[in-house]
Amino acid sequence: FTAGLAIYRMRENHQRPELGPIAVTGATGGVGSVAIALLAAQGFEVTAITSKMNQSEHLYRLGASQLLDSSSLSSPEAPLLKSQWGGAIDNVGGAILSWLLATTNSWGNVASIGLAASHELHSTVMPFILRGVNLLGIHSVDTPMPLRQQIWDRLFGDWRVDQPDRILAEEIDLAGVPAACDKLIQGQVTGRFRVRLPAA
């Protein structure tokens, strides 16, 4: 749902494929994997930014058109850098989020979802006042029900991705949830878990 909410907010703010490729950080995680599949299905060119370059086959299968090693990125050395992204979905925060803001094209949207690297943001107002870049905060927990329903309708309607199991890491039952959470915290998971609920 969170990836869908981010894309909904971006598209509501006039994000479109013609603005340029979308960068997705934390690309092998659950939100990143879903975001790549959804964006690619909607005609966006997607660059997957990841520290797990050994997962390239998985990321290309999801729909990424190119990969970028996150270890090669750092805090921007200037308030604005050469623009290269139409927008971005960021799951990590910190220096990479600052870099994304400094490298996003005019009128692009950067959706901030997570803080896997850091909760801090060191930036300037330059991307906002000289390029019109928009920083969108994505908070899925308290999404009002009418909006939540709209997004679910899109996810299971015209945004539905082919072969959704390609995002699946593993199917588990409720007893497997604690171990799965430990794997997620340790960054050992590619994709999403599907929890199999007991029959009523």
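The values are calculated or read from the model by the stated rules, or taken from the named source; none is laboratory data. Bear in mind the structure is a predicted one, so any value in this text is a computation, not a measurement. A quick note on method: Cβ atoms are made from the backbone with ideal geometry, for glycine too, and the neighbour counts reach across all protein chains shown. Ligands, DNA and RNA are stripped out before the accessible areas are found, and what is left, the full protein with its side chains, is counted by its heavy atoms. Shrake-Rupley method; radii C 1.70, N 1.55, O 1.52, S 1.80 Å.
Do the conditions hold for ARG196, that is, is it farther than 30 Å from ALA102 by Cα and within 21 Å of the chain's Cα centre (by Cα)?
So ARG196 fails the test.
Could you grab me the full set of residues in segment 52-65 that are open to solvent by 50 Å² or more (accessible area, probe 1.4 Å), touching a residue at least 24 places away in the same chain (Cβ under 8 Å) and farther than 19 Å from ALA116 by Cβ?
Those that are open to solvent by 50 Å² or more (accessible area, probe 1.4 Å), touching a residue at least 24 places away in the same chain (Cβ under 8 Å) and farther than 19 Å from ALA116 by Cβ: ARG61, SER65.
Six or more apart or on different chains, Cβ atoms under 7 Å: show the pairs whose first residue is in segment 126-152 and open to solvent by 90 Å² or more (accessible area, probe 1.4 Å) and whose second is outside any helix (DSSP H, G or I) and at pLDDT 95 or above.
Here the result reads LEU130/LEU80, each pair linking segment 126-152 to a residue that is outside any helix (DSSP H, G or I) and at pLDDT 95 or above.
All but one of (1) free of Cβ contacts under 8 Å to residues at least 12 places away in the same chain; (2) open to solvent by 80 Å² or more (accessible area, probe 1.4 Å); (3) in a loop (DSSP other than H, G, I, E, B) hold for ASP165, so report the exception by its number.
Here ASP165 clears every test but (3).
Tell me which strands (runs of 3 or more DSSP E) are completely within segment 1-98 and hold 1 or more residues being closer than 15 Å to ASN109 by Cβ, or say none if there are none.
22-25, 46-50, 85-90
Here is a list: ALA102, ALA40. Which entry is closer than 19 Å to ILE151 by Cβ, modelled with pLDDT of 95 or more and of a type outside the set (D, E, K, R)?
Exactly one residue qualifies, and that residue is ALA40.
For SER83, only one of the following conditions fails: (1) modelled with pLDDT under 95; (2) of a type in the set (Gly, Ala, Ser); (3) over 27 Å from ALA169 (Cα atoms). What is its number?
Looking at each condition in turn, SER83 falls short on (1).
Which condition number does ILE49 fail, the rest of (1) crowded, with 24+ Cβ neighbours inside 10 Å; (2) under 27 Å from ASP142 (Cα atoms); (3) touching a Ser or Thr at 6+ places or on another chain (Cβ under 7 Å) being met?
Every listed condition holds for ILE49 apart from (2).
How many residues does segment 152-200 hold that are of a type in the set (Phe, Trp, Tyr) and over 22 Å from ILE36 (Cα atoms)?
Result for segment 152-200: 0.
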